[in-house]
């Protein structure tokens, strides 16, 4: 069985108002990950995702790029134990 993991990623830069959350939601669904993405006070975006660790690592690489209008300056990734607490991946408002 593939290792399951949980990821918290905080993405800094020009990441709000540039369709970043929709970009992350589409990627997470394509990678079969569960969790959510939301804007944070101060202009960052937070991603909480769970699933197979190789797929989460791929998500982190995509987060470093972002959609065309974004300018990602930093991605802070924190790994945690898999909880299985999410049924889908969605944008939180």
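Here are a few things to note about the model shown:
- Single condition residue 54 does not satisfy, out of (1) in contact with a strand residue (DSSP E or B) (Cβ under 9 Å, 6 or more places away or on another chain); (2) surrounded by fewer than 16 Cβ atoms within 10 Å (Cβ to Cβ): (1)
- Candidates 62, 23 - the one that is crowded, with 16+ Cβ neighbours inside 10 Å, touching a helix residue (DSSP H, G or I) at 6+ places or on another chain (Cβ under 7 Å) and assigned to a helix (DSSP H, G or I): 62
- For the range 33-57, the tally of residues that are within 18 Å of residue 21 (Cβ to Cβ) and in a helix (DSSP H, G or I) stands at 1.
- Hits in the range 16-43 - residues which are more than 12 Å from the chain's Cα centre (by Cα), touching a residue at least 12 places away in the same chain (Cβ under 8 Å) and at negative phi: 16, 18, 40
- Comparison of 5, 77, 69 shows that the only residue that is surrounded by fewer than 16 Cβ atoms within 10 Å (Cβ to Cβ) and either assigned to a loop (DSSP other than H, G, I, E, B) or modelled with pLDDT of 95 or more (or both) is 69.
The values are calculated or read from the model by the stated rules, or taken from the named source; none is laboratory data. Everything numeric in this text was worked out from a predicted model, so none of it was measured. We place every Cβ from the backbone using ideal geometry, glycine too, and count neighbours over all the protein chains shown.
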